[in-house]
Structure formats: C-alpha cells, structure tokens
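Q: Could you have a look at this structure, given as structure tokens, before my questions?
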Amino acid sequence: MSTVQAPPAIDADPFGHEHLEDPLPLHERLREAAPVTYLTRYDVFALARYEHVRAALTDWQGLQSAAGVGLSNFRHEKPWRPPSLLLEADPPRHDAPRAVLAKVLGPRALRRLRESWFADAERLLDEVLSGSEFDAVPRLAEAFPLRVFPDAVGLGRDGRENLLPYGDHLFNAFGPENDLVRKGQPRMPEVSGWVNAQCARDRLSPDGFGAQIWAAADRGDITPEQAPLVVRSLLSAGVDTTVHGLAAVLYAFAMNPGQWRRLRDEPHLARTAFDEAVRWQSPVQTFFRTAVGDQEIGGTVIPDGRKVLMFLGAANRDPRRWDDPDAFDLSRDPSGHVGFGMGLHQCVGQHVARLESEALLTALARRADRIELAATPVRHHNNTLRAWKSLPIRVHLR
Amino acid sequence: MADTAIELRVAAKDRAADGVVTLTLARPGGGRLPDWAPGAHVDLVLPNGLTRQYSLCGDRWDARTYRVGVLREPGGRGGSAFVHDELGVGDPVGIGGPRNNFRLVPSDRYLFIAGGIGITPLLPMVRQAEMLGADWRLLYGGRSRASMAFLDELEPYGDRVTVVPQDEQGLLDLAAWLPGEDPSTKVYCCGPAPLLEAVEERCAGWRRGLLRTERFVARESGAVRDEPFELELRRSGVTVAVPPGLSVLDAACAAGASVLSSCRQGLCGTCETAVLGGVPDHRDSILDDDEREAGDCMFVCVSRSRTERLVLDL
C-alpha cells in the first residue's frame, strides 16, 4: 500500500453554471491533479480517473449507496423523497428489487418489443422528416422515448408530460441545493404526486413492465409495499436519461459527418454508436458514494461516512484508458465505459436505452444522407445530467 | 483485461465434517470476483474436465473469495471424489456463474430447512436474515452430528437453530415444524430428494412463493472442452480458432467483428449474441435453465463452446 497523502484541494464548483456548460476543462484538471482530489466547496472527495471510478463503482462493500448517491448524506439528512429501493440501497435490501427489475428489463424480455419499437421509429420519422430542419431535442430525443417507454411500462395517456420535469428535478437533487434545485421545487409536490399515483397497480395496463413488477409481488419475490417504489424507479430513471442519451448520439453525428457516413454504410454499428456517444458525452455525469469504514483509494484515506464524488464523464475520457478520448469514433470499442455505471448498481435499463437508440438510429440511417447542425445548439444545465435544451439539425434525405 | 478470465485457484481446502470439505477459491492474482447473493451456485470446472454445481456458502462482503462445501458422494460420478482425493491448494478451477434460482426474498419470518449438505445455500441466508432483523429459524438434519458441516458457525445463533442428528433424534418432525400455511413465513428447503419431497407434500396447496426449494439436477452436459474450437462469424464470413484461455468475445473482436460488451463477467447482458450453430457452454449468470437449454443465444464474454464448431450471428 502506498503512503497516505492529503489529496490536492480544488476550489472549483462542479455544479456551477460555468462547469455545467462545459465540464471538460474541470474534468481534465481533476484527473491530472491526483487519483483523489478534495473539493473544498462541498467538503467531498472526488475521483476522475477511469481506474478509480470503475473500482469505486464496483466496490459496494466499501462505498455504500444507501446513504444517498447525491451530495446529501442520508446518515444525517432526511431524503427529499422516500429513497429508491435500487439506486439508494445496498445489499441485502437491494437484492430482491434489483433481481425483479433486471428480469423485467432483461435483453430477452425486450425481444417482444423490438419489432414494434422499430416500427414506431419509422412512424416518428415519417412525421418529423416532412420538414428538413427541426429541433432534435423535442422532436426526436424526447418524442421517441415518450412514445415507446410509457406504453411499455403501461402508463395511462394523461399526465405523461410530468415525466420529464420529474426526472430533471430528481437528477438536479443529487447535487447541492442550488438555483437548479430551487427552480424545480415549487412544482414537485404536484409532479411527484402524479408520478407516485401512476405506480399503483390499477393505474397500470395488464401487460407492461409495471404489471410485471406487481406480478413479482404476487409471487412474493418483492413485497406489495415495494412494488410501487420499483415502478417509480422505472419512471424516475427511464426517461430523462434516454432522452439525453439520444440527444448525445444525434449531436455526435451532426458534428462528425464522416462517422454518419460510416453508420449509413454499416447500420449494424448503431449499437456501438450509441455506447460510444454515451462514453463521449456521458449523459449521467456524476454519482456519489459514502465510505463504509475508512477506505483507502489511490493513496488517500476516505474517512468513514464521507462522500465520494465519481466523475463518470471524466473517467470516460481518461487518456490512461482511451486512445484519443475526445474523438467520437465508431471504430473504437467503447465497451467498458462507465456511462451506465458498473457493478451491481449498473443501469438496469441499459438494454432499454440501447434498444430505443438502435431503433431510432437504424431508421434514420436508412433515410438520411447526412445530418448537420442548423444553428448553434444550447445546453440544458442539470446538476447530474449532461443535456441539450435545443439541438437544431438539418437532415439531407437520401 | 487481467480480471476477466474466470479461472480461479484453490486458496484453501479444509475439512468441515466427516465426508465434507470446503474449498476457498480466489483469483490467482487476487482481485474481485463476480457479485453473488445467498442461494447462488457456481459451476466448478474441475481439472479432470468434470463440471459440478455447488452453492456458495462464504461471505459476500469478502469480494475476493468464494467458498463451497463439497460432500463426498459414494454413488456420485467422480466430481466429489476428485475434489476430496485429488484437488489441492493451488490447483486451477474454472468457474461458471454465479447463478441464482433460490433467491432470498423479503419476508417477516423465515423457516430454513436443511438436510445434510443442503445447509450450504442456507448458511449465507441465515446470516442475511439475521442482518435484516427477520424472525427466523433453522431446522438442520443430518445423519450424525459428526457428518454435519458448519455447526460451529451456527453456534452463535443459539436457539434459532435446531440441530437434529438422525442417529440421536431420528428424522425431522416436519409435521410439527410445518403445521400449516402462514402467509408471513417463507420456507426455504435444500437437501436430499426425499426431504424435499416430504416438505413439498406438506406444503402442497400453499399459496405460491411461500415454499422455495433448491434441488440440483445433475444434467448430462458432457465434459467441458479443453481443446480449441472453431468459431464461425457468419455475417463477417470469417472462421477463427479459439484456444482455451481466449474468450469468444476477444476472438470475435480480434477477427474484426464489432461486439459491444460491458461487465465481461456474464452479469450485465450487453454482449448477448445469437447462436446459429453448435452448442454453447453457458458460463453466464443471466440465463435460466430453460433459456440455457434453448441454446439460441449466449453471452460471449464468458461462455464458450461444447462442440467443435460454434456459429454466431456476427
């Protein structure tokens, strides 16, 4: 074991607007400073190198999630909503909900959706591509997940517009209580009230993911009290993340016409393209963990109960792990990126996200000769997500 | 990546009771093993080519070792005899899984019923039930006290554990322990077939999910290949040889196919690939028995081939 050292102190605010607009310079600074740095603003430790972020993600024994995966420490502070049974839980309590959801959202379970989602993508493009210029955020990145995912869960028609503000606030709430959080708070009682109400068995169609979660409660695999919270996890983490993942891959192709030509010629690269975009943009930028007992990481001791901030986006561009990390490149194998996390909390919906993007990209690659920016895109700031507010693109049809 | 090949070494071999040894397994260079939960089992691929399934009975908070308990089975087909007589500290063993068909589900109360070596999957369960603050009891039967493993580890639980050596007290009194259906109690049972049948008979007609059993059905799957096999990537029109020690994933990528993967441990499911020909040797933690039997897909980061030729949709 190396000698224990004090980590370099860094005064920057990763949740400040300057860094949310462009986090890359701060990521590089953190990565190059040391394996572990100390963020004075928030009194937390930070990891930005691939090796240490990946190790922290998988070490659930030493770095817990049940004290919250945001800045707020549930050992001392009351969570703003009842904690998630998945994201904000550790074994053994994490086991049963995770096992149930992993089966419901597993690659084999999604096979039955494949055909209809591919057809839905074609129908959406029929509508959207009637004009050659449009904002890809609302028209594609938001429209497609909102078209297929709530149906797959089994939600009713009314109120689906609550899903995006709920997710946006949830991901803001993992950060400090800054202007972004305060902006979302006034609507939250109403929005979370709607979300919680949709988790009840009688609100869900009999054939969707939600009904399958309730069926697991009937079998006793989870309790009836757990079922609505597991459904809530779908509604919390299943929409915004895929929206920003799709926006990321569309932005990547608009900026890299050579890569679009490659996808057009080799459409089977759609899956690789999405994961490469998730690596390159890292729609989920950060998560926290909390040390269980004193934990040594890269020569620094993180004392028991202290928060560790993992920069997934920085790890995904660590030159120690990736050649030419700033390039979006379909000839790269992006496997092993930590954009979906890693280990037993790894994104349980990753196969859903991949299927959505594969459907949309495959349909788009059949029609579009090239896509390009039609105006300067505008970032949407969120404490956790790397997102676009608008992404005006022009599509040249084949 | 160095941590991906699931080839372990026997780090310790200890006697646990008459006819029972425990093996402690670890990576040759240390390092984390794939996560597991109580009720999980692994395939042990023994150096003599036999594959056997054993429940994990160690501590999941120790991410670097697995522990299994192995009963010498006189009527067995050579796996347990090999473990007892031949396998030594430092020897290599291959691993498939962990897989879990016997998960501990939430409950206010648990009744665990173990027969003989069936204690192995239940041992981590009782620890976990204790940790969760559940109200639990363990009924543990065996031929004789000397043949019953882990009594020392169960000692601290006091009267939550009832030990019933057959030569002292006869068979388990199931009628007394299973008087009728109780919706707040989940019953977990693992042991020899006659015990499982007797318990299932007593619980017949109960609401589903209250009784959960684990039985190892030895499947005749043939010996695992330890020689190279041919891998045909049909869409790419390429055939390559896959030697032992090289994963199908790495072989396919080296041959120019683009295969997305993530965990490289057979856990996350990212590298699912359709099988067009040949019989896969499944080593993942994802597929259930029926899905493995179907043989129409595999997870190429860990799974291999039982046949001389494997054809994939790549």
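None of the figures in this text is laboratory data; all of them are computed from the coordinates on show. From a predicted model like this one, the values you see are computed outputs, not experimental measurements. A quick note on method: Cβ atoms are made from the backbone with ideal geometry, for glycine too, and the neighbour counts reach across all protein chains shown.
Q: Go ahead and collect, in residue order, the members of segment B:169-188 whose backbone nitrogen is under 14 Å from a label point 7 Å along the Cα-Cβ direction of B:Trp206.
A: Flagged as within label range: B:174-188.
Q: Please give the length that would be gained between B:Arg160 and B:Asp313 if that part of the chain were fully extended, namely 0.36 nm times their separation in residues minus their C-alpha to C-alpha distance (nm, one decimal).
A: Gain in length upon complete extension: 49.8 nm.
Q: Kindly list the residues of segment A:109-134 that lie in the label zone of A:Arg366, defined by a backbone N under 17 Å from the point 7 Å along the Cα-to-C-beta vector.
A: The answer is A:113-130.
Q: Same structure again: Build a GNM of chain A with springs between Cα atoms under 10 Å: which of A:Leu309, A:Leu105, A:Leu57 gets the top mean-square fluctuation?
A: Of A:Leu309, A:Leu105, A:Leu57, the most mobile in the Gaussian network model is A:Leu105.
Q: Further question: Set the Förster radius R0 to 25 Å, insert the Cβ-Cβ distance between A:Glu51 and B:Asp289 as r into 1/(1 + (r/R0)^6), and round the FRET efficiency to 0.05.
A: In this case the efficiency is close to 0.10.
Q: Would you grab the residues whose amide H sits under 5 Å from the one on A:Phe287? Only those 5+ places off in sequence or on another chain, please, with H modelled 1.01 Å from N.
A: A:Met310, A:Leu312
Q: Continuing with the same structure: Between B:Trp177 and A:Arg219, what is the spin-label point distance in nm, taking each point 7 Å from the Cα along the Cα→C-beta axis?
A: 2.6
Q: Counting only other chains, and only Cβ atoms inside 10 Å, what mean value do you get across the residues of A:90-98?
A: 5
Q: Here is a further query. Any chance you could run the full-extension gain for A:Asp323 through A:Leu373? It's 0.36 nm times the residue separation minus the Cα-Cα distance, nm to one decimal.
A: 15.3 nm
Q: Can you tell me the relative contact order of segment A:77-199? Whole percent, Cα pairs under 8 Å, sequence separation 6 or more.
A: Value for segment A:77-199: 15 percent.
Q: Here's a follow-up. Assuming R0 = 51 Å, can you tell me the calculated FRET efficiency for the pair A:Asp265 and A:Arg157, based on Cβ-Cβ distance, to the nearest 0.05?
A: It comes to 0.80.
Q: Let me ask something else about it. How far is it, in nm, from the label point at B:Val238 to the one at B:Asp14 when both lie 7 Å from their Cα along the line to the Cβ?
A: 4.8
Q: Expected output is a single nm value to one decimal: the length gained when fully extending between A:Asp11 and A:Asp126, i.e. 0.36 nm times separation in residues minus the C-alpha distance. What is it?
A: 36.4 nm
Q: Would you mind giving the mean number of other chain beta-carbons within 10 Å of the Cβ of each residue in A:51-58, as a whole number?
A: Mean shielding count: 1.
Q: Relative contact order of chain B: what whole-number percent is it, with Cα pairs under 8 angstrom and at least 6 residues apart?
A: 16
Q: Right, something else. Using 7 Å Cα-to-Cβ label points, what is the B:Arg32/A:His76 separation (nm, one decimal)?
A: Simple spin-label model gives 2.7 nm for this pair.
Q: Work out Dmax and Rg for the protein assembly as shown from the C-alpha atoms and quote the Rg first, both in angstrom.
A: In order Rg, Dmax, the Cα atoms of the protein assembly as shown give 26.3, 85 Å.
Q: Taking θ as phi - 60°, what are the ³J(HN,Hα) couplings along segment A:381-396 by the Karplus curve (6.51, -1.76, 1.60), each to the nearest whole Hz, with x for Gly and Pro?
A: 8, 8, 4, 10, 9, 9, 9, 10, 7, 9, 9, x, 10, 10, 10, 9
Q: Using each residue's phi in segment A:292-300, evaluate 6.51 cos²θ - 1.76 cosθ + 1.60 at θ = phi - 60° and report the 3J(HN,Hα) Karplus result to the nearest Hz, with x for Gly and Pro.
A: Ordered by residue, 3J(HN,Hα) equals 9, x, 5, 10, 8, 10, x, x, 10 Hz.
Q: Can you work out the FRET efficiency for the pair A:Arg398 and A:Asp22, with r the C-beta to C-beta distance and R0 = 30 Å, to the nearest 0.05?
A: The pair A:Arg398/A:Asp22 has a calculated efficiency of 0.30.
Q: Let me ask something else. Of chain B, which part is the longest with no trypsin sites (Lys or Arg not before Pro) in a loop (DSSP not H, G, I, E, B) and with at most 13 other C-beta atoms within 10 angstrom?
A: The answer is B:78-206.
Q: Averaging sequence separations of C-alpha pairs under 8 Å and six or more residues apart, then dividing by the length of chain A, give the relative contact order as a whole percent.
A: Reported as a whole number, the value is 27 percent.
Q: May I ask you to list the lysines whose Cα is less than 29 Å away from that of A:Lys103, ignoring any residue fewer than eight positions away on the same chain?
A: List returned: B:Lys186.
Q: Whose amide H sits under 5 Å from the amide H of B:Ala40, counting only residues 5 or more places off or on another chain, with H placed in the peptide plane?
A: B:Leu56
Q: Filter the GluC sites (Glu not before Pro) in segment B:187-278 to those in DSSP coil with at most 12 other Cβ atoms within 10 Å of their Cβ, and list the result.
A: B:Glu220
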